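K.L.:
Provided herewith is a single structure, encoded as structure tokens, for subsequent inquiry.
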């Protein structure tokens, strides 16, 4: 699987967070410092990056799309390769996609908005079609808006469908596209042209106008066949009576025959624009401001992570304001309104909704409850007129004579007594007058007591609860007008300013939220309300300033100690600042102080889940899911938490309570897994098969079908066949991962073992260990199979491994110990003999007899036996400091940092005056990740205090000094270690590498030879030996070493090594071949270009080609290569100067040499510069540079030669 690259750099781009995952690429939000902007980056998945044909198509399509420059097409800025990672850089779009917008208009969008948006996309398609590009997957999810105003639509993912449609990337006969938007010719497998995009655009127009796609069915194939055969349903059938000219556009765009459709997107755009003009002239639109805001209570700007045209949703790594939950995206109000209706009807807050037999009754009750809810919270009086506008009609323009301001706590009946002649400052009750003083805040109507009892209101202030009740009932605009009128009457109303700020934050208008909050603080700096509003605004995704949020929340807490709203916002800010202890402390305090409200419930559920507090998170997640019934995010968090707690039946119930339709393949696959865990195999199979019909990338469903085939049907062939389909697939699922004990090879091994195929099971489990690392349940599964085979010793060793890697779970540790105890102990291994290399080098350090014994086993490849030997010792005496220190040094070599650190620290604790304990602590600090060089040096110095001049302590001190930049101390202690007889394979590797970097090639050679003898399969050991031999001018031997390498050099940098050695050895055809292979892997890597530049000049005599390749190298200012290094006479500016000088371009050569000496200042560079000045006739400059070269000369021969040259120039 591809690892999360967040926090790393690709070229100039800083990857901030992974936004989504797909079958082709991961999508990241990244920052481009040079342009000071955010961009979106698609990073090709690893299994595709290894497909050279696909890479080339990816590159070609990226370049083609990058040439498109249109106001309604996403900009592609760049395509690059970094460390063999291929990526495409695009415009970062903050707005939501059209799919989300359509969902907010269930009866269809306003006609003018729909025509305008589709016209913009038609214009984009026309431009692209004329450039020779067909989109192939035009759908609402691939159309985004620049911002929350929805004025500018952007078409995304151009070219992606084209890439994926190429042979080899889809199954034979598979179609690329989305069933609901496929043209008949695509569905029939016929050739397609631009008119297929026009058909898709027609469906989008239909969907924007009616709120639904024209063809729906139970399976994707049924939908596809409807595109081919079924007549187009009239929009009128879905309750939308369209003007004739608009309906005619839909019909023509969606004709079954391409010849009967619009023949170009430009033609369709003309029709759309003409229809808009005709309707406008006929007065067919409302004012645009009212149109857009009429249904906008259910929307809020969302981060680009919510665009899901082609990506699988991955589980976020940590809580983030950009996640698709309530806090990050407020598009849930319609669902909240439904839940409020249920609360009002049932007065119980049940999250399960009505039963089937009560559907008709509940529907009628819901409609009435909705009317009651609206009446209870609206600030406008209920009119008795029969022609008053309904809630779904655009409101008339407000005037001072028809919209009184409600400031009373009276009942709805009293409110209705207000007359249309009241002024805006008059109260809406019979007893209130215009001179009654400051605006009075209403109390929450009793009709909404269930909201308070359900914990959905915060209690921050009476007005805040009133506004939240309106918000939860889907009346965002009414809530905003309510607050606007209060503030018109009393601009300094603190509660209204704070409430409006929170409302703006919910709507994503951070600027307005900050302005109101700041005004509230200015007016009353002693009130917590303004500061709480400031904290909320600072934590919105488009501000993301946790420091400011924390400061504001802390100030609120000072003003009102114990305020739960301040406390939980402090908790969120602490978490965003990675202060986990403070985060948990303030979250606990918020709970204790009685924090409540829908915002807090969503925050607490999400953050407690990511903190691993599953039991504690569940009540909040249950409440969140209950009031956000069509959002899959809280459902999956709740289901995951329940499965973590081994409560599969409840997890299944959580999935069944979801009120939306599971239409994404990854959601269906996850649901299938939960049903499988709960034992409902029939439903699991239905969901999994639906997902596979929906998408060729329904990998989790394929996995579930494999599990069902064995555990449900007992069909091993079918089970393995399904798992075989996933052999080379990278994917992530909420549940089919190591957190829940799943790995492809692990499950294969379990199935094979259950079927009695033990050898095949062992092979599968070994592969699982290779891919998953040291997972205890894999070791235990291996032990179970070995017990079935009667291999007690192997089973015991694997149970020990399982115990070694079981952390913090005392019950599991006790269980494994009991299993090990029942199998008995292993007999000790005999003491080894002295081990030497073929050249007589002592491979054992002599630090302790036990260490030498274990190192001998390690070097023999008997790693398991070595660890078992130490485990036996420690089973008898857990406080054996020598065994703990030796085990630390053994397992740190295998990368088990945590266990090694634990053993080393325990050894030091038990025996602080032990040389071995302190050296083990130093070794672990040197090799663990992250490296701890100060601690490594401290431990080595402690060892030297115990045993001065001990070589094992000296060379580890030397290594720590080197990494800390203490150059003189590094060299001094390294020389002392060698003089004191340091030996052993660990010292050989260290000394060989560091003597080489000190340019002490003769001293390095014997150590590197030991390194190479021990690890001939390691490319770096081979390269180091070859580089050292070249530096010793033993080029033929170096070439022999390169040619004897048994493995494959895997990337462009590694391939440059044999290319350079072949060049130095005079095997130019081989050198060219290595360079060619390197450039095929990464044409922009500087290393092969450097070698090719040398070949171009010194072999071909082609100066222009040489300098062209050198230009590529010079674009990488941090270039470093083991062979092409200034210590070895190679530096790119110096080599450029040599080529230019040899070609007679002396002035250019001098310029290059000057740059080289400025960068490196090596003696040979000054001497080359002197030669160039002599050729130009500048003796004085030549003498100056020769004197500089003389000062740098380290050996007598070179000094004598340069003095002779200086003497000749003065004669």
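The values are calculated or read from the model by the stated rules, or taken from the named source; none is laboratory data. Computed from a prediction, not measured in an experiment: that's the story for all the values here. In this analysis, Cβ positions are derived from the backbone assuming ideal geometry, glycine residues included, and neighbour counts consider all displayed protein chains.
K.L.:
If residue 806 meets every condition in (1) surrounded by 17 or more Cβ atoms within 10 Å (Cβ to Cβ); (2) within 19 Å of residue 865 (Cα to Cα) apart from one, which number is that one?
P.N.:
Only one criterion is unmet by residue 806, namely (2).
K.L.:
Test residue 443 against the criterion of being modelled with pLDDT under 75 and either surrounded by 19 or more Cβ atoms within 10 Å (Cβ to Cβ) or not assigned by TED's automatic domain parsing to the domain that holds residue 513 (or both), and give yes or no.
P.N.:
So residue 443 does not fit the description; no.
K.L.:
Could you identify the single residue in 486, 532, 494 that is surrounded by fewer than 24 Cβ atoms within 10 Å (Cβ to Cβ), in contact with a helix residue (DSSP H, G or I) (Cβ under 6 Å, 6 or more places away or on another chain), farther than 30 Å from residue 93 by Cβ and in contact (Cβ under 8 Å) with a residue 12 or more places away in the chain?
P.N.:
494
K.L.:
Of all residues in the range 140-163, which are buried (at least 24 other Cβ atoms within 10 Å of the Cβ), at pLDDT below 85 and part of a helix (DSSP H, G or I)?
P.N.:
The answer is 160, and nothing else.
K.L.:
Evaluate the following for residue 1202: is it out of contact with any strand residue (DSSP E or B) (no Cβ under 6 Å at 6 or more places or on another chain), surrounded by 18 or more Cβ atoms within 10 Å (Cβ to Cβ), modelled with pLDDT of 95 or more and more than 24 Å from residue 1091 (Cβ to Cβ)?
P.N.:
No: the conditions fail for residue 1202.
K.L.:
Hey, does the range 558-570 have a residue that's touching a helix residue (DSSP H, G or I) at 6+ places or on another chain (Cβ under 9 Å), more than 15 Å from residue 595 (Cα to Cα), surrounded by fewer than 22 Cβ atoms within 10 Å (Cβ to Cβ) and assigned by TED's automatic domain parsing to the domain that holds residue 504?
P.N.:
Among the residues of the range 558-570, at least one is touching a helix residue (DSSP H, G or I) at 6+ places or on another chain (Cβ under 9 Å), more than 15 Å from residue 595 (Cα to Cα), surrounded by fewer than 22 Cβ atoms within 10 Å (Cβ to Cβ) and assigned by TED's automatic domain parsing to the domain that holds residue 504, which makes the answer yes.
K.L.:
Shifting gears a bit: Output yes when any residue across the range 944-964 is within 37 Å of the chain's Cα centre (by Cα), free of Cβ contacts under 8 Å to residues at least 40 places away in the same chain, under 18 Å from residue 1061 (Cα atoms) and surrounded by fewer than 16 Cβ atoms within 10 Å (Cβ to Cβ), and no when none is.
P.N.:
no
K.L.:
So, one more: From the list 651, 593, 671, 617, which residue is buried (at least 22 other Cβ atoms within 10 Å of the Cβ), closer than 19 Å to residue 568 by Cβ and at pLDDT 85 or above?
P.N.:
Criteria check complete, one pass: 617.
K.L.:
Do we have any residue at all in the range 1153-1162 that's in a helix (DSSP H, G or I) and in contact (Cβ under 8 Å) with a residue 40 or more places away in the chain?
P.N.:
No: zero hits.
K.L.:
Restricting to the range 121-139, name every residue that is surrounded by fewer than 21 Cβ atoms within 10 Å (Cβ to Cβ) and either farther than 15 Å from residue 153 by Cβ or at pLDDT 95 or above (or both).
P.N.:
129, 130, 131, 132, 134 - these are the residues of the range 121-139 that are surrounded by fewer than 21 Cβ atoms within 10 Å (Cβ to Cβ) and either farther than 15 Å from residue 153 by Cβ or at pLDDT 95 or above (or both).
K.L.:
Looking at the range 697-733, which of its residues are surrounded by fewer than 16 Cβ atoms within 10 Å (Cβ to Cβ) and touching a residue at least 60 places away in the same chain (Cβ under 8 Å)?
P.N.:
Residues satisfying the conditions are 728, 729, 730.
K.L.:
Restricting to the range 980-1006, give me the number of residues that are buried (at least 17 other Cβ atoms within 10 Å of the Cβ) and closer than 17 Å to residue 954 by Cα.
P.N.:
14
K.L.:
Then there's this: State whether one or more residues within the range 772-788 are buried (at least 20 other Cβ atoms within 10 Å of the Cβ), outside the structural domain of residue 865 (by TED's automatic domain parsing), within 21 Å of residue 902 (Cβ to Cβ) and in contact (Cβ under 8 Å) with a residue 60 or more places away in the chain.
P.N.:
The answer is no, given that none of the residues of the range 772-788 is buried (at least 20 other Cβ atoms within 10 Å of the Cβ), outside the structural domain of residue 865 (by TED's automatic domain parsing), within 21 Å of residue 902 (Cβ to Cβ) and in contact (Cβ under 8 Å) with a residue 60 or more places away in the chain.
K.L.:
Is at least one residue of the range 223-242 in contact with a helix residue (DSSP H, G or I) (Cβ under 6 Å, 6 or more places away or on another chain) and assigned to a loop (DSSP other than H, G, I, E, B)?
P.N.:
Yes: one or more hits.
K.L.:
Please tell me if residue 487 is part of a helix (DSSP H, G or I), within 23 Å of residue 554 (Cα to Cα) and in the same structural domain as residue 559 (by TED's automatic domain parsing).
P.N.:
no
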